[in-house]
Amino acid sequence: MTEQIPTDQTKELPPGLQLEKVDDRIMTLNVGPQHPGSGHMRIIVRIDGDYIVDADPDPGYVHRGEEKMAEVRNYLLNIPHLERPVIHDSCNILYPYVLGVEDLVGIEVPERAKYVRVIAAELNRCVYTQYWLAIYGIFLGHSTMFMWPAGDRELMIDLLEKMTGARVTHSYFIPGGVRNDIPANFEDVCLRQVNYFEKRIKEYADIFYDNPILKARTEDTGVLSSQDAIRLGTTGSVLRASGIDYDVRVKEPYDVYEELDVHTNVLKDGDSYARSKIPWLDMLESCNIIRQALEKMPKSGSVRTKLKPNPKGVGNDEVYRRVESGRGAAGMHIISNGKPEPYRVKISPGSFRNLIALPYLLKGEKLGNMPAVYWSLNYWPVEADR
Amino acid sequence: MGTATGIIKALNSGVKHLAVKRFTLRYPEQKLKLVGDGYQFDPATGVGIAGYKGRHMLFHDHCTGCNLCSIACEGVAEAIGMVKVPNTWKHNKKAIMPQIDYGKCVFCGLCVDACPFYALYMSNDYELSSFTKEGLIYTPQQLQVKPNVQQDAEIQIDDRGATHG
């Protein structure tokens, strides 16, 4: 006979805590926050047998206070820490900040710098997407898909290293252009490696995207209809996989995207398979954009407008700029009160917009499908937590 | 496409890679060739010169002890502290020079951008590990030593794939 554990039901619990009602059928599982299957985030899953009844994502584990930190540093010194939320996509997360500060301070960017920024942003999108694809592969049990993207990513990192001088956190964009000009002979090396990279990622079709085992795993799981995608406010690959033709690069072109031919990839199914395929198609499109930008880029000229040492906004002013990052529309809302430090920097990342869809997608799915659905959202916990 | 065909195609795609060259940098033996001698900045034009952002190089004959690199680092990593140097030059009347703590440095290079006297550059040296925390703090004397690096591996692409030379 087991001894009954005495429970003091009369004792008051601290505010915010409540005793869980034990149910015979429903079990609560904490996936994360240190579980590799969830990233640095906890998903509270309630399951009935093998089926998910309810899923509650709990972000905030890696919150770093980026927005508060931005209020005590001037516009230039904000650059190294504002790219920390997504170090794999550091150019794209910095892009809206740089565009916003340029609007606030009122400086023009040289034409060549705009092209260099587009090339760096597209290379960085490939770096991010390859990393994401590697994780998506390994959590579906496809270890080849972990090795290949992680290896081919090196081609793009090498190009970025030649351009910016750092492998991951580049601190390359700056209000007024870019920090340094691209090295001599970079165009040839870039073209050669991008062409080879494109050839490599096309090979992923046979082993991964056309693989019947992957399709069986991901097709018709976590279906998000186009109405729901709009209603929940999702962006980026999640939105485009649900059949909505929306890409910030096309709808609100910034820098020189207007002059480049950008094709938006749209799939109609809205399931995990479509959501995982869109970033791969976007990488192929990125290769196209880089080739166009290399061709149209002015061969010489300045890449940076000289700034005053302590750039300030003019009086009380605010600006909101957004770009298409690897995970969707990333925006920055910068408010200035005429001081060298911004009054407020609000980061609006794509990851956080997409997370809201998770509870709707997981309801009724098998627990084994959770990684397939969760990672297909292209979610990056550190970015969402800021 | 049937299931069997799809699986055979996927397997075939992997088998083909037996003939593809291995794309791995055998690191301690091979080191990737980096562009130039490291990140530099030209205050006259206000534009940097492309290069790797590694350990700093301090030119004692240019440094005036103006503190600007330290001020720039205050908002980023607080890695640069100014220390007294025993020998004094005419141009460095304060006799202070930057000392860099690589336990804190994030290698953003904004200190290089801040230097108006061409005194602080970055070099290709990235092997800075140390057994002690004190070993990560580089004094002005250590910073003026030009690093001896041998980096020559480059990505080469041919029909059979990419390799590191």
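For B:LYS31, which lysines qualify as cross-link partners when the Cα separation must be under 25 Å and same-chain residues fewer than eight apart are set aside?
Straight-line reach from B:LYS31, under 25 Å: A:LYS162, B:LYS21, B:LYS53, B:LYS104, B:LYS146.
Once phi is turned into ³J(HN,Hα) by the Karplus curve 6.51 cos²θ - 1.76 cosθ + 1.60 with θ = phi - 60°, what whole-Hz value does each residue of the stretch A:320-336 show in order, with x for glycine and proline?
My calculation for the stretch A:320-336 gives 10, 10, 9, 9, 8, 9, x, 10, x, 6, 10, x, 9, 10, 10, 10, 10 Hz in order.
Give the carbon-plus-sulfur fraction of the accessible surface of the stretch A:277-386 in %, rounded to a whole number; probe 1.4 Å, heavy atoms of protein chains only. If you can, show how the numbers build up before the last one.
On the way: 2190 of 4120 Å².
So the carbon and sulfur contribution to the accessible surface is 53 percent.
If you place +1 on the Cβ of every Lys and Arg and -1 on the Cβ of every Asp and Glu, how big does the dipole about the Cα centre of chain A come out, in debye to the nearest 20?
Charge dipole, chain A, about its Cα centre: 1000 debye, nearest 20.
Going by a ≥ b ≥ c, the root eigenvalues of the Cα gyration tensor, does chain A fall in the rounded group (a/c under 1.5), the prolate group (a/b larger than b/c) or the oblate group? Could the numbers behind the result be given before it?
On the way: a/c = 2.27, a/b = 1.42, b/c = 1.60.
Verdict is oblate for chain A.
Positive end of the dipole of the stretch B:33-163, charges at C-beta (+1 Lys, Arg; -1 Asp, Glu), about the Cα centre: which of B:GLY46, B:GLN156, B:CYS73 has its Cα farthest in that direction?
Going by the charge dipole, the pick is B:CYS73.
Measure nothing fancy, just the Cα-based angle from helix A:272-296's long axis to the longest principal axis of chain A, in degrees from 0 to 90, nearest 10.
Tilt of helix A:272-296: around 10 degrees.
Over the whole of A:169-182, what's the average partner chain Cβ count within 10 Å per residue? Rounded to a whole number, please.
Average neighbour count from other chains, rounded to a whole number: 4.
Express the accessible area of chain A per residue in Å², computed with a 1.4 Å probe while the remaining protein chains stay in the model.
Heavy-atom SASA per residue in chain A reads 41 Å².
Using Cα springs under 10 Å in a Gaussian network model of chain A, which residue among A:VAL248, A:VAL314, A:VAL238 shows the largest mean-square fluctuation?
A:VAL314
Between chains A and B, what is the buried accessible area summed over both chains (1.4 Å probe, protein heavy atoms, nearest 100 Å²)? Intermediate values should be presented prior to the final figure.
Details: alone 17510 and 10680 Å², together 25050 Å².
Buried: approximately 3100 Å² between B and A.
Using the per-residue mean of other Cβ atoms lying within 10 Å as a proxy for protection, in what order, highest first, do the peptides A:358-365, A:277-284 fall?
Descending mean neighbour count gives A:277-284, A:358-365.
Going toward the positive end of the dipole of the protein assembly as shown, with +1 on Lys and Arg Cβ and -1 on Asp and Glu Cβ, which of A:PRO349, A:ASN30, B:PHE131 do you reach last?
B:PHE131
Hey, any idea what % of the stretch A:114-175's accessible area is carbon plus sulfur with a 1.4 Å probe?
Answer for the stretch A:114-175 is 59 percent, counting heavy atoms of protein chains only.
Please determine, in degrees from 0 to 90 and to the nearest 10, the orientation of helix A:186-202 with respect to the longest principal axis defined by the Cα atoms of chain A, where the helix direction is its Cα long axis.
On a 0 to 90 degree scale, this one is about 30.
Please give the per residue accessible area of the stretch B:33-163, computed with a probe of 1.4 Å over protein heavy atoms only, in Å². Working shown, then result.
On the way: 6620 Å² over 131 residues.
For the stretch B:33-163, the solvent-accessible area averages 51 Å² per residue.
Rank these by accessible area, largest first, 1.4 Å probe: A:TRP132, B:TRP89.
I get B:TRP89, A:TRP132, largest accessible area first.
Ignoring ligands, DNA and RNA, what percent of the accessible area of the stretch B:6-150 is carbon or sulfur (1.4 Å)?
C and S atoms contribute 57 percent here.
For chain A, modelled as a Gaussian network with Cα springs under 10 Å, which listed residue fluctuates most, A:ILE356, A:ILE213, A:ILE47?
A:ILE213
First check a/c for the stretch A:141-297, with a ≥ b ≥ c the square roots of the eigenvalues of its C-alpha gyration tensor; if it is under 1.5, answer rounded, and if not, answer prolate when a/b is larger than b/c or oblate otherwise.
Here the stretch A:141-297 falls in the oblate category.
Quickly rank B:20-27, A:176-183 as a protection proxy: mean count of other C-beta atoms within 10 Å, highest first.
Ranked from most to least packed, the peptides come out as A:176-183, B:20-27.
Could you grab the relative contact order for chain A? Cα pairs under 8 Å, six or more apart, rounded to a whole percent.
25
Compare A:ASN337, A:ASN124, A:ASN92 in a GNM of chain A, Cα atoms joined below 10 Å, and give the one with the largest fluctuation.
Highest fluctuation of the listed residues: A:ASN337.
I'd like the residues of the stretch A:209-231 whose 1.4 Å-probe accessible area shrinks by no less than 10 Å² going from the isolated chain to the full set of protein chains.
A:ASP210, A:ASN211, A:PRO212, A:ILE213
Quick one: angle between helix B:3-15 and the longest Cα principal axis of chain B, in degrees between 0 and 90, rounded to 10, please.
In chain B, helix B:3-15 runs at an angle near 50 degrees to the longest axis.
The values are calculated or read from the model by the stated rules, or taken from the named source; none is laboratory data. This structure is a prediction, so every number in the text was calculated from the model and none was measured. With ideal geometry, Cβ positions are generated from the backbone for all residues, glycine too; neighbour counts draw on all protein chains shown. Protein only, heavy atoms only, side chains kept; ligands, DNA and RNA dropped before computing areas. Shrake-Rupley method; radii C 1.70, N 1.55, O 1.52, S 1.80 Å.
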